[in-house]
Amino acid sequence: PLGYQSLDENGNFIEVNQAWLETLGYEKEEVIGKWFGDFIAPEYIDGFKERFPIFKKQGRVHSEFEMIHKNGERRYIAFDGRIGHKLDGSFEKTHCILNDITEQKLAELALRESEARFRTIFEIASLGIAQVNPINGKIITVNNYFENITGYTASDLLSMTFVELTHPDDREKDWEIFSKAARGEIDYRNEKRYVRK
């Protein structure tokens with residue numbers, strides 16, 4: 001199910017399989033004999049020129065490139081390659097397996113962007129925000145506003161549980177609500193008193 005390609009000593013295509021063709025949208029006759037660099041995004045060409053001789057010398061490679069689909073779309077491709085040798089030990093051709101990781105890369109990018117947005121909101125919000133371990137109630141991270149509310153520094157808070165911050169008269173009810181929320185039974189919503197430092 002993975003793409004396969006072999007290149008000659010100059011980096012020209014000797015063979016590709018059907019999965020390779022389907023991944024990048026080409027017909028076989030459009031690929032065989034052509035230079036690999038013609039199928040990768042321009043910013044990767046110099047890197048390919050530098051690393052291909054190293055690959056031939058070391059005998060194996062793992063790398064990632066953006067390749068260009070026939071329709072112009074970019075695809076993130078992970079490569080694992082080995083060198084095939086002739087009986088006399090000299091270079092014959094490369095053997096490379098290609099895995100289209102475009103969806104994974106796009107998901108990672110979206111996650112990083114989402115985390116960056118969350119981090120910005122987390123830091124600048126005029127609300128106290130704390131993340132808490134759902135098993136033991138230990139505080140994992142807090143924003144500046146939460147520090148202001150409690151009077152503790154972030155380093156103080158990270159060695160505490162939210163129970164320690166809760167007024168003794170509110171702890172039992174708060175723990176019950178927290179436990180249900182941690183099990184996914186309810187959303188955590190509660191009004192309670194904190195004890196400042």
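If you look at the Cα atoms of the chain, you get an Rg and a Dmax of 27.7, 83 Å.
If you roll a 1.4 angstrom probe over the protein chains with everything in place, what fraction of the accessible area of the range 39-197 belongs to carbon and sulfur, to the nearest %? The nonpolar share, carbon plus sulfur, comes to 52 percent.
Need one word for the range 1-66: rounded, prolate or oblate. Basis is the Cα gyration tensor (sqrt eigenvalues a ≥ b ≥ c); a/c below 1.5 gives rounded, then a/b vs b/c decides. Prolate.
Here Thr23 sits with roughly 40 square angstrom of accessible surface, probe radius 1.4 Å.
Sorting Ile54, Ile177 by solvent-accessible area of protein heavy atoms yields Ile54, Ile177, largest first, with a 1.4 Å probe. With the charge dipole of the range 139-192 set up from +1 on Lys and Arg Cβ and -1 on Asp and Glu Cβ about the Cα centre, the Cα lying farthest toward the positive end among the listed residues Leu158, Ile186, Ile140 is that of Ile186. Could you tell me how many degrees, from 0 to 90 and to the nearest 10, lie between the Cα long axis of helix 45-58 and the main elongation axis, the longest principal axis, of the Cα atoms of the chain? The answer is roughly 80 degrees. Hey, got a sec? Which GluC sites (Glu not before Pro) in the range 20-122 land in a DSSP loop and have at most 12 other Cβ atoms within 10 Å? Loop-located and lightly packed - Glu27, Glu73. Which one, Arg171, Arg82, Arg60, has the greatest fluctuation when you compute a Gaussian network model over the chain with C-alpha springs under 10 angstrom? Looking only at Arg171, Arg82, Arg60, the largest GNM fluctuation is found for Arg171.
The values are calculated or read from the model by the stated rules, or taken from the named source; none is laboratory data. These figures come from a predicted structure and were not determined experimentally. We place every Cβ from the backbone using ideal geometry, glycine too, and count neighbours over all the protein chains shown. We work out accessible area using only protein heavy atoms, side chains counted, and drop any ligands, DNA or RNA first. Shrake-Rupley method; radii C 1.70, N 1.55, O 1.52, S 1.80 Å.
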